[in-house]
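First comes the structure, then the notes that go with it.
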Amino acid sequence: MIEDDLRAAFARHEPLAPAAAPVRAVIDRLAAGRRRRRRRFRAAGVALALLAVLGIGVPRLAPDRAAPDATLLLGTAAPAPTGALNILLLGLDGSAEDQARRADSVLLVHVPADRGRVYLISLPRDLEVPIPGHGTDKLNAAFLLGAGSDQPDLERGYDLTRRVVGDLTGVRVDAGVVLTFPALRRLADEVDGVEVCLPREVRSVHTERVFPAGCQRLDGGASVDLLRQRRGLPEGSSDRDRHAQLFAAGLVRRAVEQGVLTSPARLHALLDAADLVTADGTAVAELVAVVPRLRSVEPVGLSLPVGEPDGPGWRLRPDPQRAPAFLAALREDRLAQWAAQNPDRVR
């Protein structure tokens with residue numbers, strides 16, 4: 001009897017139930033929105049940590065301002081890590097919505113345990129490396145192989161690249177940042193241009209624009225144009241890596257000059273300019289806690305020593321004479337000593 005009554009009640013109210021398809025669509029939109037918000041929060045947190053460890057320090061927040069400090073943005077405060085830190089920066093030629101691209105700019109940011117200087121280490125895109133599950137290929141292929149091509153997953157692309165870089169260098173990657181060229185364009189425009197000091201003239205093969213030797217402030221479009229250049233440069237990909245280092249250092253200096261962290265609106269706009277950022281290992285709040293201990297905000301540019309290109313696709317291999325000592329210095333947190341002994345390798 002009770003079952004019959006329940007069936008009758010359901011039958012009477014069934015016409016009042018909304019159609020399933022529209023409801024499912026609303027639920028999917030809400031779920032997608034939550035995923036985007038979570039990803040944006042992670043993006044903001046790690047981008048803030050990146051800017052912080054490169055010199056845009058939390059101490060620059062005036063104590064009497066109403067602006068939220070880093071601990072409010074990132075969660076509960078955490079003690080500063082005591083060891084060396086390594087942050088992986090990957091630059092993609094394309095947007096997050098595009099078909100998966102190779103990571104054509106690979107930088108490892110090394111923060112030594114003594115918090116003396118920050119080192120920007122270029123890892124050549126054409127470096128021949130073992131890629132887990134995919135044999136041997138160029139370093140920039142790791143991102144594409146990890147992300148896939150049909151529906152690329154940028155976090156998986158980053159994760160596989162992180163594993164390859166960790167195996168290559170022997171250091172733990174504490175956090176990582178993935179940026180597309182559209183994101184870099186927005187970052188440069190958000191700080192009203194980035195000053196880049198070029199050692200020699202560069203002529204764009206894409207736009208025919210000429211970037212003269214010396215210092216110049218570049219807007220977002222010009223910055224991306226410069227960072228894309230490889231063909232026609234005397235040292236090819238090595239010169240492009242150098243330009244990426246110069247851009248990163250210039251972006252940091254410009255953000256410091258404009259007091260980004262003292263302005264909640266500017267900080268939000270700058271962080272919102274990043275397409276995708278992913279982190280692992282050390283918590284973001286712990287990375288930010290390192291900032292007060294930095295003694296210098298001027299990054300030092302280094303690169304993994306490599307030999308002359310050869311083999312299929314002009315692949316590069318670590319210099320058998322100089323690379324082992326360099327990697328040992330990185331693993332043992334002795335880059336300051338190595339740089340002093342090899343001033344010709346400092347950029």
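The values are calculated or read from the model by the stated rules, or taken from the named source; none is laboratory data. Owing to the predicted nature of the structure, the values given are computational and were not obtained by experimental measurement. Reconstructed Cβ throughout: ideal geometry from the backbone, glycine too, with neighbour counts over all protein chains shown.
Residues in segment 323-333 that are more than 22 Å from GLU308 (Cα to Cα) and surrounded by 15 or more Cβ atoms within 10 Å (Cβ to Cβ): ALA329, LEU330, ASP333. Pairing each residue of segment 331-347 that is within 12 Å of GLY116 (Cα to Cα) and in contact (Cβ under 8 Å) with a residue 12 or more places away in the chain with any residue that is aromatic (Phe, Trp, Tyr) and not in a helix (DSSP H, G or I), provided the two are 6+ apart or on different chains, yields C-beta distances under 9 Å for LEU335/TYR119; ALA336/TYR119.
The residue list LEU187, LEU179 contains one member that is buried (at least 19 other Cβ atoms within 10 Å of the Cβ), over 30 Å from ALA323 (Cα atoms) and aliphatic (A, V, I, L, M), which is LEU187.
For (1) surrounded by fewer than 19 Cβ atoms within 10 Å (Cβ to Cβ); (2) within 24 Å of VAL173 (Cβ to Cβ); (3) in contact with a Ser or Thr (Cβ under 9 Å, 6 or more places away or on another chain); (4) modelled with pLDDT of 70 or more, each residue gets a yes or a no:
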{"residue": "LEU218", "(1), (2), (3), (4)": "no, no, no, yes"}
{"residue": "LEU251", "(1), (2), (3), (4)": "no, yes, yes, yes"}
{"residue": "GLU298", "(1), (2), (3), (4)": "yes, yes, no, yes"}
{"residue": "GLY301", "(1), (2), (3), (4)": "no, yes, yes, yes"}
{"residue": "GLY313", "(1), (2), (3), (4)": "yes, no, no, no"}
{"residue": "GLN321", "(1), (2), (3), (4)": "yes, no, no, yes"}
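Taking the numbered list (1) surrounded by fewer than 22 Cβ atoms within 10 Å (Cβ to Cβ); (2) over 30 Å from ARG331 (Cα atoms); (3) not acidic (Asp, Glu) in turn, PRO130 passes all entries but (2).
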